[in-house]
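Here's the structure we're looking at; comments come further down.
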Amino acid sequence: ETTVIVSLDDPARNLGLRLQAGPVATTADVTVNGETQTLMLDIYKGLKDYRSVMATLDELKRTATDPDEKRRIEAEIASILFDMADYAKAARAFKDSLQAARENDERLALREGYARALFRDGKTADALAQFEMLAKEEANPLRQFVAGMMVFALKFSLDQAFEREFPEAALRYVQQYEALSEAERGRLSQAEFVKATWIYYAMALIDLKKD
């Protein structure tokens, strides 16, 4: 459940309202206002005041003159929609941003967001297609592994794979992980821990399908 803070007693909100009032802005004022809006955006995010986050992002997008900055803002809007659990809108926003992406890293990050939003929105087949592309395009070994886990789990959900086909390397990895002592697990790298977590997540999705 998303919690939206809307209290007018919020000093951050009141500061934002005060900053909106005033004379016609000069070029310098516009620069300062943009920096102030960015600061307010960070404050609203910390408060999980998503209504104000979206309003600030919309204003930043409206006043953005640099195409790269505008694309970054649009991608951030997609991420906020995902955080708000508005997965259908998030999927559309990620798709639009993906089509406008220029850099490979940017494209991979947006495709991942698009795939996750589709999955959360119940569009399993569409999510599978995006995760399959991500698994082929991703050069980072850990991210490629995660995408591969999601590919198998979604294929299983769509009756396109059998449980016995679960990747053997992943099974061996989790068996080795479970054999570790608590102290040994504490010495694992973040990447090693993330890998185990995603294997368990894929297994949980399979169990949900079986139930």
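The values are calculated or read from the model by the stated rules, or taken from the named source; none is laboratory data. The structure presented is a predicted model; accordingly, all values stated were derived computationally and were not measured. Using ideal geometry, Cβ is built from the backbone for each residue, glycine included, and neighbour counts are taken over all protein chains shown. Ligands, DNA and RNA are excluded from the accessible area calculation, which covers all protein heavy atoms including side chains. Shrake-Rupley method; radii C 1.70, N 1.55, O 1.52, S 1.80 Å.
Quick one: count up the residues across the range 49-73 that are within 22 Å of Ala109 (Cβ to Cβ) and open to solvent by 50 Å² or more (accessible area, probe 1.4 Å).
First pass over the range 49-73, keeping only residues within 22 Å of Ala109 (Cβ to Cβ): 50, 53-54, 56-58, 60-61, 64, 66-73.
Checking the rest, the ones that are also open to solvent by 50 Å² or more (accessible area, probe 1.4 Å) come to 58, 61, 66-70, 72.
Residues that pass the stated criteria total 8.
Scanning the range 156-173 for residues that are among the small types (Gly, Ala, Ser) and in a helix (DSSP H, G or I), which turns out farthest from the chain's Cα centre (by Cα)?
In the first step, residues of the range 156-173 are kept if they are among the small types (Gly, Ala, Ser); the result is 157, 161, 169-170.
So of that shortlist, the ones also in a helix (DSSP H, G or I) come out as 157, 169-170.
Values: Ser157: 22, Ala169: 27, Ala170: 24 Å.
Checking each candidate, the answer is Ala169.
For the range 74-118, give me each residue that is within 25 Å of Asn140 (Cα to Cα), of a type outside the set (Asp, Glu) and surrounded by fewer than 16 Cβ atoms within 10 Å (Cβ to Cβ).
Answer for the range 74-118, where residues must be within 25 Å of Asn140 (Cα to Cα), of a type outside the set (Asp, Glu) and surrounded by fewer than 16 Cβ atoms within 10 Å (Cβ to Cβ): Gln99, Ala100, Arg102, Asn104.
Quick check: anything in the range 180-194 in a helix (DSSP H, G or I) and buried (at least 18 other Cβ atoms within 10 Å of the Cβ)?
Just the residues of the range 180-194 that are in a helix (DSSP H, G or I), to begin with: 182-186, 190-194.
When the remaining residues are screened for being buried (at least 18 other Cβ atoms within 10 Å of the Cβ), the result is none.
No; the residues of the range 180-194 include none that is in a helix (DSSP H, G or I) and buried (at least 18 other Cβ atoms within 10 Å of the Cβ).
Would you check which residues across the range 107-139 are basic (Lys, Arg) and assigned to a helix (DSSP H, G or I) and list them? Don't jump to the end; show me each part of the working.
At the first step, the residues of the range 107-139 found to be basic (Lys, Arg) are 107, 111, 116, 120, 123, 136.
Arg107, Arg111, Arg116, Arg120, Lys136 - these are the residues of the range 107-139 that are basic (Lys, Arg) and assigned to a helix (DSSP H, G or I).
Report, ordered by the first and then the second residue, all pairs with beta carbons closer than 7 Å, sequence separation of six or more or different chains, a first member in the range 38-65 that is at negative phi, and a second member that is open to solvent by 30 Å² or more (accessible area, probe 1.4 Å) and part of a loop (DSSP other than H, G, I, E, B).
Leu47/Ile5; Asp49/Val4; Asp49/Ile5; Tyr50/Thr2; Tyr50/Val4; Tyr50/Met84; Arg51/Val4; Arg51/Val6
Which condition number in (1) touching a Leu at 6+ places or on another chain (Cβ under 8 Å); (2) open to solvent by 80 Å² or more (accessible area, probe 1.4 Å) is the one that Glu168 fails?
Of the numbered conditions (1) touching a Leu at 6+ places or on another chain (Cβ under 8 Å); (2) open to solvent by 80 Å² or more (accessible area, probe 1.4 Å), the odd one out for Glu168 is (1).
Any residue at all in the range 130-141 that's open to solvent by less than 60 Å² (accessible area, probe 1.4 Å) and closer than 17 Å to Tyr200 by Cβ?
No, there is no match, as no residue in the range 130-141 is open to solvent by less than 60 Å² (accessible area, probe 1.4 Å) and closer than 17 Å to Tyr200 by Cβ.
Within the range 145-155, is even one residue outside any helix (DSSP H, G or I) and either of a type in the set (Asp, Glu) or without any contact (Cβ under 8 Å) to a residue 24 or more places away in the chain (or both)? Lay out the reasoning, then the answer.
Pass one, the range 145-155, residues outside any helix (DSSP H, G or I): none.
No, the range 145-155 contains no residue that is outside any helix (DSSP H, G or I) and either of a type in the set (Asp, Glu) or without any contact (Cβ under 8 Å) to a residue 24 or more places away in the chain (or both).
Pairs needed: first member in the range 189-209, farther than 14 Å from Pro141 by Cα; second member anywhere, open to solvent by 50 Å² or more (accessible area, probe 1.4 Å) and in a helix (DSSP H, G or I); C-beta distance under 7 Å; at least 6 residues apart or different chains.
Matching pairs, first to second residue: Ile206/Glu163.
Are there any pairs with C-beta distances below 7 angstrom linking a residue in the range 71-94 that is β-branched (Val, Ile, Thr) to a residue that is outside any loop (DSSP other than H, G, I, E, B) and open to solvent by less than 30 Å² (accessible area, probe 1.4 Å), with the two at least 6 apart or on different chains, and if so which?
Pairs that qualify, where the first residue is β-branched (Val, Ile, Thr) and the partner is outside any loop (DSSP other than H, G, I, E, B) and open to solvent by less than 30 Å² (accessible area, probe 1.4 Å), are Ile73/Leu57; Ile73/Leu60; Ile77/Leu57; Ile77/Ala93; Ile80/Tyr50; Ile80/Val53; Ile80/Leu57.
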